[in-house]
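What follows draws every value from the coordinates through simple rules; no lab data is involved. Keep in mind it's a predicted model, so treat the numbers as computed, not measured. All Cβ positions, even for glycine, are placed from backbone atoms using ideal geometry, and neighbour counts span all protein chains on display.
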Amino acid sequence: MMLLGKYFPGLTEKQKEQFEKLPPLYEDWNSKINVISRKDVAELGLHHVLHSLAIARFITLRPGATILDLGTGGGFPGIPLAIVFPETHFVLMDGTGKKIQVVEAIAKDLGLENVIARHGRVEEAHMKVDFVVSRGVASLEQLARWSMPLLKKQGIHAIPNGLIALKGGNLSSEIQELPRHLLCEKHALSNYFSEMYFREKFLLYVQ
């Protein structure tokens, strides 16, 4: 987790401790349930934690805001974001019950009181949120279709409420498939992080 200090020098001691607990917690859970791919466990800090925190480089989430992590899987990007923004509320949702059990257990072990884990499909997400965040769980058009009805009308951030998705590869066709009335910004993660891993990875902000 050395990289966190490089990009997030303002972390408190409590936040540093929480991040240091993540690798052993995920290693333990992954030995029981396949939460993340086995080859990725050794690269948890780079491939999952830092990747998730690209969102924290893009936007400073406000206290009192509510963020929905759609298709959170084992808790990414929601758990790293919840550590960095302890006064922001996070709802981590996934259709796989076992993964939500892991998210609940890890949030509890870390003492994250700003995380709610919910087992269910997005169609059952009857809530209003400031942002929907997601890490490559569906096409951009699908994510936008799910997300837009869930956004609060009034925003409290420097940018309008919207969808923030982390994706990789060539995204031109996905962006073109978005409905005309939606605006999409594409940010290269290599602007935020210098590691080779981020070279072909992007943050997409749709409003």
Summing +1 per Lys or Arg and -1 per Asp or Glu among the other residues with Cβ less than 14 Å from Ala138's Cβ gives -2
Listed by chain and number, the residues whose amide H is under 5 Å from that of Leu92, excluding neighbours fewer than 5 places away on the same chain and using placed H, are Asp69, Ile116, Ala117, Arg118
Between the Cα axis of helix 97-110 and the main Cα principal axis of the chain, the angle (0 to 90°, nearest 10) is 60 degrees
The set of residues whose placed amide H lies less than 5 Å from the amide H of Lys152, leaving out same-chain residues fewer than 5 positions away, is Val129, Asp130
Given unit charges at Cβ for Lys, Arg (+) and Asp, Glu (-), the dipole magnitude of the chain about its Cα centre in debye, nearest 20, is 280 debye
Listed residues Asp130, Asp94, Asp109; largest mean-square fluctuation, Gaussian network over the chain with Cα springs below 10 Å, found at Asp109
When the chain is treated as a Gaussian network with springs between alpha carbons less than 10 Å apart, the largest mean-square fluctuation among Pro77, Pro179, Pro160 is found at Pro179
Candidates Lys98, Lys39, Lys108; GNM for the chain (alpha-carbon contacts under 10 Å) flags as most fluctuating Lys39
Tilt, helix 13-32 to longest principal axis of the chain (alpha-carbon atoms), in degrees rounded to tens, equals 90 degrees
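Add +1 for every Lys or Arg and -1 for every Asp or Glu among the other residues with Cβ under 12 Å from the Cβ of Leu46, and state the total.
Net charge in that neighbourhood comes out at -1.
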